[in-house]
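S.K.: To start, I am sharing the structure in question, which I have written as structure tokens.
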Amino acid sequence: MTNPIVRNKCKNCGDTKIQVIVKGRYAWAEHCESCHAECKKCDGVGYLFETDEEGRENAVPCDCSKIDFRISLFNSAQIPGQFFDATFENFDVKGDPSLEEALETASFFTRSYSSGKGKGLLFMGGVGVGKTRLVSSILRDFTLNRGVPAKFKEFSSLLSEIKTGYDQGLSESAVLEKINTIEILVIDELGKGRKSDWEITILDSIVSNRYNMKKATIFTTNYTDKASTTYGEPVLIRNEKDGMKEKIKKETLQQRVFTRIYSRLKGMCDFVEMKGPDQRYPGHELSV
């Protein structure tokens with residue numbers, strides 16, 4: 001009996017037919033250069049013709065179009081280029097129980113996700129513990145593996161985009177509508193900024209609208225629920241004796257976003273604290 005021929009997987013993409021590279025500021029998906037070939041079923045058109053019971057021909061999507069669709073979703077997600085290779089499989093938990101729990105929570109979230117049902121996630125912890133890498137892995141899984149639309153927004157950049165919309169003559173409601181209707185929204189660096197009245201108003205609007213629309217939102221923040229573990233921001237304080245002196249100012253997440261927004265966050269997200277050393281610090285691998 002002849003043994004069946006076993007074909008090795010593509011070393012470049014693992015037979016997903018998709019490779020991810022860095023293009024400008026973002027991670028970018030494209031057809032695998034090693035194994036992509038024009039679809040023989042549809043000759044690269046992306047659709048086939050099928051005849052229905054009444055003898056009419058109808059165009060239906062070819063299986064190959066699913067790859068194009070997921071590539072488009074991934075590229076629209078705007079995942080930071082630094083995390084182009086982020087996956088659940090290569091997320092390093094460093095033997096830390098809190099990172100293991102965070103990884104399992106993230107993986108379970110994507111596996112069990114159902115539109116309009118369930119909570120989002122809020123990852124809190126110190127600088128460099130892997131929060132942004134983990135949410136990038138979530139977005140990769142949603143877009144490339146599950147075909148679910150998603151978008152990454154760093155909070156400061158989001159505020160800048162809103163101001164740009166104003167300059168272009170767009171109303172605040174028109175600008176925020178695009179944010180509110182995204183299926184899966186990641187807001188990175190929650191709490192970053194000057195905490196001005198305008199910034200808090202914008203955040204309150206986004207959180208409230210997505211909460212009411214039951215849209216899944218995922219947050220990362222350096223601020224925690226405890227003064228002992230929350231982010232300490234260096235600020236310059238002037239006094240008569242020493243002149244300008246640097247002081248570390250600490251605020252909990254609730255203090256940073258105020259009670260109304262914090263209460264909504266508690267209602268719409270499961271809070272996950274990630275601990276461990278700053279992996280970006282010299283002496284550690286640049287992996288988070």
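S.K.: Quick one: 3J(HN,Hα) in Hz for region 11-25, Karplus 6.51/-1.76/1.60 with θ = phi - 60°, rounded, Gly and Pro as x.
M.R.: Working through the residues one at a time gives 5, 7, 10, x, 6, 7, 6, 10, 10, 10, 10, 9, 9, x, 7 Hz.
S.K.: Between residue 23 and residues 5 or more places away or on another chain, which pairs have amide H atoms under 5 Å apart, with H built 1.01 Å from N, and which residues are they?
M.R.: Amide H to amide H, under 5 Å and 5 or more residues apart or across chains, residue 23 pairs with 28.
S.K.: Only helical DSSP H runs with n ≥ 4 go in: add -39500 (n - 2.57) per run for the chain, normalise by residue count and round the 222 nm mean residue ellipticity to 500 deg cm²/dmol.
M.R.: When only DSSP H runs of four or more count, the value is -10500 deg cm²/dmol.
S.K.: Projected area of the chain, taken from the Cα convex hull and averaged over every viewing direction, in nm²?
M.R.: Average projection, Cα convex hull of the chain: 24.1 nm².
S.K.: Could you compute how fast region 129-172 diffuses translationally, taking Rh as the Kirkwood radius over C-alpha pairs and applying Stokes-Einstein at 4 °C with viscosity 1.567 mPa s? Give it in µm² per second.
M.R.: Diffusion coefficient, whole number: 105 µm²/s.
S.K.: Starting from the coordinates of the alpha-carbon atoms of region 130-288, obtain the Kirkwood hydrodynamic radius over all distinct pairs and give the value in Å to one decimal.
M.R.: For region 130-288, the Kirkwood estimate is 17.5 Å.
S.K.: Test of understanding: in a Gaussian network model of the chain with alpha carbons linked when under 10 Å, which of 101, 33, 154 would top the mean-square fluctuation ranking?
M.R.: Residue with maximal mean-square fluctuation among 101, 33, 154: 33.
S.K.: Here's a follow-up. Would you pull out the residues with amide H under 5 Å of residue 273's amide H, same chain only if 5 or more places away, H placed 1.01 Å from N?
M.R.: 124
S.K.: While we're looking at this one, here's another question. In this model, which of 23/94; 178/249; 119/249; 245/275; 163/266; 195/245 are farther than 26 Å apart at the alpha-carbon?
M.R.: Flagged as over cut-off: 23/94; 178/249; 119/249; 245/275; 163/266.
S.K.: Turning to a different aspect of this structure: Which peptide among 203-215, 131-143 comes first, and what is the full order, when sorted by highest mean count of other Cβ atoms within 10 Å?
M.R.: 131-143, 203-215
S.K.: Could you identify which residue out of 216, 77, 174 has the top mean-square fluctuation in a GNM of the chain using Cα springs shorter than 10 Å?
M.R.: With Cα springs under 10 Å in the chain, the top fluctuation among 216, 77, 174 is at 174.
Throughout, read-outs are computed from the coordinates displayed, never taken from laboratory work. It should be emphasised that the depicted structure is a prediction, and the values quoted were computed from it without experimental measurement. So basically every Cβ, Gly included, is an ideal-geometry build from the backbone, and we count neighbours across all protein chains shown.
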